[in-house]
Amino acid sequence: MMLPTYSAYVATKGAVEQITRVLAKELGAKAIAVNVISPGPTDTELFREGKTQEQIDRLAQMAAFGKLGDVQEIADVVAFLASDEARWITGQNIRVNGGIA
């Protein structure tokens with residue numbers, strides 16, 4: 001999301017994504033997968049801190065599902081990536097964000 005005052009935040013997210021791609025190449029020969037999860041707004045105490053209910057509602061409506069993410073929804077994707085079913089996935093940024101562009 002391109003929000004005012006988020007420039008340093010988005011720059012670090014971009015750096016993490018590129019490091020993930022490089023590490024995937026470096027560690028692939030050792031059968032080590034490297035991926036990153038980019039969660040959207042997730043309903044946690046930290047997320048709600050300092051925001052009005054109006055701000056939270058506005059962010060929730062940005063998602064295709066019209067709601068904030070749930071911690072378990074993020075954890076499920078992490079568990080999948082750690083499983084054998086994801087053995088052919090590496091170097092990816094998985095956006096678990098409910099369709100927020």
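The values are calculated or read from the model by the stated rules, or taken from the named source; none is laboratory data. For clarity, every value in this text was computed on a predicted model and none was experimentally measured. All Cβ positions, glycine included, derive from the backbone under ideal geometry; neighbour counts span all protein chains shown.
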Answer yes or no as to whether Ile74 is farther than 20 Å from Ile94 by Cβ, modelled with pLDDT of 95 or more and among the β-branched types (Val, Ile, Thr). no
Where a residue in the stretch 77-101 is without any contact (Cβ under 8 Å) to a residue 60 or more places away in the chain and its partner, wherever it lies, is of a type in the set (Gly, Ala, Ser) and assigned to a helix (DSSP H, G or I), with Cβ under 7 Å and at least six apart: Phe80/Ala86
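Residue-wise test of (1) among the basic types (Lys, Arg); (2) at pLDDT below 95; (3) under 13 Å from the mean Cα position of the chain (by Cα).
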| position | (1), (2), (3) |
| --- | --- |
| Met1 | no, yes, yes |
| Pro4 | no, yes, no |
| Lys13 | yes, yes, yes |
| Gly28 | no, no, no |
| Asn35 | no, no, yes |
| Asp43 | no, no, no |
| Phe47 | no, no, no |
| Asp57 | no, no, no |
| Ala64 | no, no, no |
